[in-house]
1. State the Cα centre-to-centre distance between the stretch 72-87 and the stretch 331-362 in whole Å.
2. Among the DSSP beta bridges whose two residues both lie in the chain, what percent are antiparallel, rounded to the nearest 5?
3. Ordered by residue, what ³J(HN,Hα) values in Hz, to whole numbers, does the stretch 177-182 give under the Karplus form 6.51 cos²θ - 1.76 cosθ + 1.60, where θ = phi - 60° and Gly and Pro are x?
4. Using a Förster distance of 30 angstrom, determine the FRET efficiency expected from the C-beta separation of residue 90 and residue 463, and round it to 0.05.
5. Which whole-number percent is the relative contact order of the chain (Cα, under 8 Å, 6+ apart)?
6. Show me the helices of the chain, taken as full DSSP H stretches, that run 24 Å or more along their long axis by Cα and average 0.0 or above in Kyte-Doolittle hydropathy.
7. Could you give the dipole magnitude of the stretch 363-639 about its Cα centre, charging the beta-carbon of Lys and Arg +1 and that of Asp and Glu -1, in debye to the nearest 20?
8. Under a Cβ-only charge scheme (Lys and Arg +1, Asp and Glu -1), can you give me the dipole magnitude of the chain about the Cα centre, in debye to the nearest 20?
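Bear in mind these aren't lab numbers, they're just calculated from the coordinates by the rules spelled out. All of these numbers come straight from a predicted model, not from anything done at the bench. FYI the Cβ positions are ideal-geometry reconstructions off the backbone, even for glycines, and counts take in every protein chain you see.
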Amino acid sequence: MGGRQKQLDVICIGRVAVDLYGEQVGARLEDMHSFAKYLGGSSGNVAYGTAIQGLRSGMLARVGDEHMGRFLREELQSVGVDTQYLITDKTRLTALVLLAIKDKDTFPLIFYRDNCADMALTPEDIHEDYIASARALAITGTHLSHPNTRAAVLSALNYAGKHGLRRALDIDYRPVLWGLTSLGDGETRYISSAKVTQELQEVLHHFDLIVGTEEEFHIAGGSTDTLTALQQVRARTDATLVCKRGAQGCSVFDGEIPDTWSNVTLHSGVRVEVLNVLGAGDAFMSGLLRGYINDEGWDQACRYANACGALVVSRHGCAPAMPTFKELNDYLKREKQILRPDTDTRLNHLHRVTTRKKQWHELCVFAFDHRKQLSDMAQEVGASEDRLPQLKLLLLQAAREAAEQAGLKDNSGILADTTYGQDTLNAITGKGWWIGRPIELPGSRPLRLEHGSIGSQLVTWPLEHVVKCLVFYHPSDALIMRLEQEALIEEVYQACCLSGHELLLEIILPHDNPDQDERYYAQIVERFYHLGIQPDWWKLPSLHAMNWRSISKLIDVHDPECRGIVILGLDAPEAELKQGFAEAADIPWVKGFAVGRTIFGGPSRHWLSGAYSDAQLIEEVKKKYLTLIGFWREVRPANH
């Protein structure tokens, strides 16, 4: 086969669809009232799963020319999957799957695949040069069920054989997709069919690796006795056969198939508490391909595969439940001690932080999430609060113009609220900006949330919005206050872990405490880490370099996957902020700033009082924002 000079490790051909997973575990599909949207389809899952395992994956399929097709493309691209041959079909819709988790073995499932995009793949979509650019080709069995897709698969297999690729088949037998059940019965995994057996057996000789459950080998071999079925498959192919045997693990057959299981080696799996088995097979295949393509031997390949499957059966969803390379390696070091991966704090944190879709190496945030300050300002100048939503839209316009002028590209962000800034949030969401939203009741001490339960809030938030929580906290606070604030912050953190939102924790020493020793900030950061709270972002005031170094050491120890720190402004003069930026110049964990009143305070007062026009407000705010960006880049010139 080709060496490492190949552009790709594996190209996946087969189903790619949107999974709409019912969120109410234990209920019938009829009773679902909300669904989570995930990348799905066996081949889409494998392309995703191999990519996060460190392989260079490509997805060869079709998606619709609509929102769901774009979603699948973006999800694959976010983990590095090559999508140059993920074709946009102008006349068909992206496939959908609706499913629920009733219990660990029951999953009502409906495939919406009538004339869908991924089943419209044709031989003309298969380009020899692209197939030749990979080390391996991975096919899933559904695409052998229709003449057009079958012809496309055979074309790809012929090119793969010509160019020395390893060719892998995941049998992936779904009777409904072969027309053997009623359309609503996507759950049934096995129905015998001489026609399906024949059509599978006609192509088995093309493959170097064939993977399936016992039932899938039953259909491929034409017998419900697993060893007999494997022998029938062996009669038609020299491929390595990997038979998945549920919680027991799997067995690998390189040569003749023995007559008894006593002569079969079992690569043991790890027993875990099962939430649901959906997606486990695709995770298994992803781990197996990692070891197989990298020539790590079958023992290690099966170890990866079994572990990937074990993790996914303990979680909700398929692709988003799959472990990353770093997460899997951590699990394999501790697998015997982890019976409940879904409750292992370290593993869940690793999954959370290593599956982030976007990196922020620099962050210049314009913070105008202020509510009370702007309300007070309006009252002071005799302006109506009804003007504040328009003010925030103008501030956003200034931010966008400044970001473009400064060439911030993907490093720009805002903090905005829902009280006066909902239109602003709507306008910038989906544009690639970092977006933070406050949840604290302004000025509250002890901390209170502005809109009640954090869980009920986050269910309506776009996932890209970062939860910003400001707490006024001092180590000398009364014990009852500290415990009360810590408990609420822990609740917020756990809600973010569950919902998938990132958390920015902003810490300010309360102004009414005269002891403002900035060394306390390291103590506070350490305290929250000891409580098990690991925010994605910290927002802290300007500190001296010595104290930044102390905090950096804590992050190194407690959360090396932390996003970083942004410096807050506190309405400080520009010169003071410039000095603060300089103190953090050599601190890698400090990624930028999140400053507000220093930028918008004066201009907003003038606008509310009628002294500034819209254009004057925008120009003045833009100038101040650009000044701070310039200060930051003066001390961090390598960031841009």
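1. 23 Å
2. Values: 18 of 81 bridges.
Just about 20 percent of them are antiparallel.
3. 7, 9, x, 9, 9, 5
4. Here the calculated transfer efficiency is 0.55.
5. Details: 1272 pairs, mean separation 56.7, N = 640.
This gives 9 percent for the chain.
6. Values: long enough: 388-406 (27 Å, 0.23); 479-499 (30 Å, 0.54); 614-635 (32 Å, -0.16).
TM-like helix candidates: 388-406, 479-499.
7. Numbers: 27 positive and 38 negative charges, 103 e Å.
Once rounded to the nearest 20, the dipole reads 500 debye.
8. Working: 67 positive and 83 negative charges, 154 e Å.
It works out to roughly 740 debye.
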